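First the structure, in the form of structure tokens, and then the observations on it.
The values are calculated or read from the model by the stated rules, or taken from the named source; none is laboratory data. Not measured: the values here are computed from a predicted model. Backbone-built Cβ (ideal geometry, glycine too); neighbour counts: all protein chains shown. For the accessible areas, the whole protein counts, side chains as well, though only heavy atoms, and no ligand, DNA or RNA atoms are used. Shrake-Rupley method; radii C 1.70, N 1.55, O 1.52, S 1.80 Å.
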Amino acid sequence: MANRICELLGIRYPIFLGGMAHVAREPLVSAVSKAGGVGIIGAGGMPPDELARQIELVRRATDRPFGVNLMLMDPSVPEQVEVVVRARVPLVTTGAGSPAKYMDALKEAGILVFPVVPAVKLAVRMERLGADGVIAEGMESGGHIGTETTMALVPQIVDAVSVPVVAAGGIADGRGMAAALALGAAGVQVGTRFLASEEAPVHEDYKRAVLKAQDRDTIITGRTLGRPVRCLANKLTKTLARYEAEGRDPEEFESLAVGGLRRAVYEGDLEKGSLMAGQIAGLIRDIKPVAEIIQDMVRKAAEILTRGVDFPTP
Ligand code: TUI
């Protein structure tokens, strides 16, 4: 039986590139699509004309399917929607909100829509609105997160909807992929592992910080402001956590946090940058080419899922 996501998208392996703002750009996006997954341009913080240029660059690099992630807190989303509709991109994923008001325009353009959902209720709502699939993202993920873990969230969403489910959060190798498929997901979305790839257009110091990270080196800040974000702990997150504990004015928090991801990605600022990364950063020990990451992941997942169990079955 063929994989539902591979059939829907016309791809070889059911592996999505996380639509990481400022990170999921060329040449990382086409590298994932060329390797058989689906590369996704992170449109968060990207002006609409730059988004159009990135789409053009991906199309020049590969004929394979790709997608665009719309970060719904971005004020230029209405113009970004016009760009993806005009370009007829094969896939749109959304995050950090509900894409309800854009759904009709995207569907009319023949675009497949996979919203990121942090809860069962939202997954059900998205399916009713016509989503072609959902991405169930656990709080192990880097960046803006929900409250539930991947292990608990994925099977509950799988049981609640009939569209295919992509699992995200805490997946960086074939073991994680096998676990997600065992929970009923049809595919996986991978962020942090691809950030630490050769093709990621990210400052080397940010990549090295991911390699250095151990299991407990990420921290969530912004919970008290209703916008929890997971990053590698550094000087910035320590100050932000202290501001929250002291109940300081949110404007003081904002003035330090704003532009943090740009500082991390483009300047490699390890002190004042927001080094967004998932909990799985501790597992990542080397910077590898995207094709090798995908090949290893798929080979290992298949090996695990075909080897059976070492206990008697009733
Ligand atoms: O969006 C993400 N992760 C992100 S976005 C981002 S950019 C950023 N930059 C600076 C500060 C903050 C963010 C970095 N990481 N993941 C997908 C995601 N979506 N996680 C959680 C959600 C979500 C939350 C609420 C999706 C829907 C939702 O719906 C609320 C509603 O409207 O019902």
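A few points about this structure:
- Derived value for the range 214-276: Kirkwood hydrodynamic radius 11.6 Å. Basis is the mean of 1/r over every pair of different alpha-carbon atoms.
- Choice from Gly138, Gly222, Gly44 showing the highest fluctuation, given a GNM over the chain with Cα pairs closer than 10 Å: Gly222
- Debye equation applied to the C-alpha atoms of the range 1-81, log10 I(q)/I(0) at 0.11, 0.18, 0.20 Å⁻¹: -0.27, -0.68, -0.81
- Working note: Cα atoms of the range 172-251, range along each principal axis, descending, whole Å: 43, 32, 21.
- Cross-link table Lys34/Lys121; Lys107/Lys300; Lys107/Lys207; Lys121/Lys212; Lys207/Lys300, entries beyond 28 Å C-alpha to C-alpha: Lys34/Lys121; Lys107/Lys300; Lys107/Lys207; Lys121/Lys212
- Springs between Cα atoms under 10 Å define the GNM used for the chain, and in it the highest mean-square fluctuation of Gly36, Gly259, Gly191 occurs at Gly259.
- Both the radius of gyration and Dmax for the range 1-141 are 13.8, 42 Å, in that order, over alpha-carbon atoms.
- Shown is the FRET efficiency for Arg299 and Ala2, computed with R0 = 22 Å from the Cβ-Cβ distance and rounded to the nearest 0.05: 0.70.
- The spacing between the range 1-29 and the range 48-124, judged by their C-alpha centroids, is 13 Å.
- Gain on full stretching of the segment that runs from Leu225 to Lys212 - 0.36 nm per residue minus C-alpha separation: 1.8 nm
- When both bridge partners sit in the chain, DSSP labels roughly 20% of those beta bridges antiparallel.
- Fraction of accessible area attributable to carbon and sulfur, the range 214-276 (%, probe 1.4 Å): 49
- Intensity falloff of the chain expressed as log10 I(q)/I(0), Debye formula with alpha-carbon point scatterers, at q = 0.10, 0.15, 0.16 Å⁻¹: -0.52, -1.21, -1.39
- For the range 101-259, the equivalent ellipsoid derived from the Cα gyration tensor has semi-axes of 29, 20, 16 Å, listed largest first.
- Stretched out straight at 0.36 nm per residue, the stretch from Glu82 to Leu256 would grow longer than its current Cα-Cα span by 59.4 nm.
- Choice from Phe194, Phe114, Phe253 showing the highest fluctuation, given a GNM over the chain with Cα pairs closer than 10 Å: Phe253
- Gln156 versus Arg242: modelled label distance in nm, points set 7 Å from Cα along the beta carbon direction: 3.6
- For the chain, the longest site-free run once GluC sites (Glu not before Pro) in DSSP loop states with at most 14 other Cβ atoms within 10 Å are removed: 1-245
- Accessible surface, the chain, averaged per residue in Å² (probe 1.4 Å): 45
- Size-normalised alpha-carbon gyration radius of the range 104-185, reference 2.2 N^0.38 Å: 1.07
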